[in-house]
1. Any idea how many residues of the stretch 96-121 are away from the ligand (no atom under 16 Å from the Cβ) and surrounded by 20 or more Cβ atoms within 10 Å (Cβ to Cβ)?
2. For the stretch 297-312, enumerate the residues that are in contact with a His (Cβ under 9 Å, 6 or more places away or on another chain) and open to solvent by 50 Å² or more (accessible area, probe 1.4 Å).
3. Mind checking which residues of the stretch 122-176 are free of Cβ contacts under 8 Å to residues at least 40 places away in the same chain, assigned to a helix (DSSP H, G or I), within 23 Å of the chain's Cα centre (by Cα) and within 16 Å of the ligand (Cβ to nearest atom)?
4. All but one of (1) within 24 Å of LEU229 (Cα to Cα); (2) touching a residue at least 24 places away in the same chain (Cβ under 8 Å); (3) in a loop (DSSP other than H, G, I, E, B) hold for GLN117; which doesn't?
5. Have a look at ASP179, ASP201 and point out the one that is within 16 Å of the ligand (Cβ to nearest atom), closer than 15 Å to GLY83 by Cβ, open to solvent by 40 Å² or more (accessible area, probe 1.4 Å) and touching a helix residue (DSSP H, G or I) at 6+ places or on another chain (Cβ under 9 Å).
6. Do the conditions hold for LEU156, that is, is it open to solvent by 50 Å² or more (accessible area, probe 1.4 Å), within 20 Å of PRO110 (Cβ to Cβ) and of a type in the set (A, V, I, L, M)?
7. Condition first: within 13 Å of the ligand (Cβ to nearest atom) and without any contact (Cβ under 8 Å) to a residue 40 or more places away in the chain. Now tell me which residues in the stretch 182-198 satisfy that.
8. Here is a list of conditions, (1) more than 16 Å from the ligand (Cβ to nearest atom); (2) in contact with a Pro (Cβ under 6 Å, 6 or more places away or on another chain), and GLY80 meets all of them except one; can you say which number that is?
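The values are calculated or read from the model by the stated rules, or taken from the named source; none is laboratory data. All values reported here derive from a predicted model rather than from experimental measurement. Neighbour counts are summed over all protein chains in view; Cβ atoms, including those assigned to glycine, are modelled from backbone coordinates with ideal geometry. Just so you know, the surface numbers come from the protein's heavy atoms only, side chains and all, with ligands and any DNA or RNA stripped out. Shrake-Rupley method; radii C 1.70, N 1.55, O 1.52, S 1.80 Å.
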Amino acid sequence: MNAIKVNVKNVLATVSESQLKALEPCAAAAAEKLHSGTGAGNDFLGWLHLPSATDEALVADIEAAAARLRQSCEYVVCVGIGGSYLGAKAVIEALSNQFEAYKPATVGNPKILFAGQNIGEDYLYELQELLHGRQFGIIVISKSGTTTEPAIAFRLLKEQLEAEIGKAEAAKRIVAITDAQRGALRKLATAEGYTTFVIADNVGGRFSVLSPVGLLPIAVAGYDIRALLEGATKMEQDSASPVATYAIARNALYQAGKKIEILVNFNPKLHYLAEWWKQLYGESEGKEHKGIFPAAVDDTTDLHSMGQWIQEGERTIFETVITVGQQRHEVRIPTDADDLDGLNYIAGKRVDEVNRMATIGTILAHVDGGVPVLTIDLPALTEFWLGQLIYFFEKACGVSGYILDVNPFNQPGVEAYKRNMFALLCKPGYEEESKAIQARL
Ligand code: PA5
């Protein structure tokens, strides 16, 4: 297989070929809006040509900054939340050894840790405890430069690093990725003399993984960002890409009453890719009381928890199953002379063959249970194919959002919790809101 393939065969019991065909002009108009910049949110379309427009100088600068951090650190903490966190986490997890965390951390091959993606006091305490006395660096990522969660984590880690190695040395181990001009982080980075990278004004957080936001952490983890960009560029320039097929199918299913999309993997390395996908689609489409609810399961693990619901629960769901063609390693099931566990009937088979039969068996069972299933076949988990998959999902999200008739590139709803939190914390400027919210408690 030398391309990502989308298969809609198993949705045809719910939506017909002609219903899918009927949405084709809509998808073409949506794609045209994206390319001509005539749709809602057109000031946030920088991601559309990010793969092909990323020049050699920027890639080389990112690689150089990554090499400096690798050469001086046992741990590099990426501080960020939402779109400033999930893309890098998804790619690094997909490419890493599953047990990387349990191997010793060494200068030259640092472990990548994440912070600022929650406000867990124990999380931050335990992170600081782990880093105490170790060689660590920080990549702090915030487009706005004002987000509370990463700001708290960065303040703590910066203070720790400066206390342990001195302010001047700490400044060499901190890289900031933020807006070119605005925000507290830009001001701080300039004042402290940190190496910085820019998040372009026209690239929103959840569409930023192929910018320095994702590329620097991925490079620090030791992965090939050129191959990632090459894969994404291939998808960007592929006139026969399956973007419209996916966008059409999910919208047709939504119109047929399937309000929840479950992204399914049969490979534990893809858990965070699903988390990234959930943010991409959830924040882009959940507006004006519309939008497919994005959920995810890791199979076969979750077949033993969510499997019952998916097989026989309310019929408002559809699944999108990502399959991975090739494993990195080969493990065969051994023959056992006594066969007390009764497994000799699959002795000699690869574990992946069992997984593939589980995948096919699950898809057919769910289809029989009234769950339409789309499949996305990925040839392998490599930088190149992940780059293709990322761009595929981003473009399909833009097309899908326009078919749904929402602005896929804003996130006004995210502000509501922040206003309440600031009012409760009595942030200066929130005096009226503070009074009003206290009255509700
Ligand atoms: O997609 C988005 O825009 C958001 O998820 C942001 O990435 C997230 O809120 C973090 O914002 P910032 O990078 O400004 O700290």
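1. Within the stretch 96-121, residues that are away from the ligand (no atom under 16 Å from the Cβ) and surrounded by 20 or more Cβ atoms within 10 Å (Cβ to Cβ) number 3.
2. GLN311
3. Answer for the stretch 122-176, where residues must be free of Cβ contacts under 8 Å to residues at least 40 places away in the same chain, assigned to a helix (DSSP H, G or I), within 23 Å of the chain's Cα centre (by Cα) and within 16 Å of the ligand (Cβ to nearest atom): ALA151, ILE152.
4. (1)
5. ASP201
6. So LEU156 fits the description; yes.
7. Residues satisfying the conditions are ARG182, ALA184, VAL198.
8. (1)
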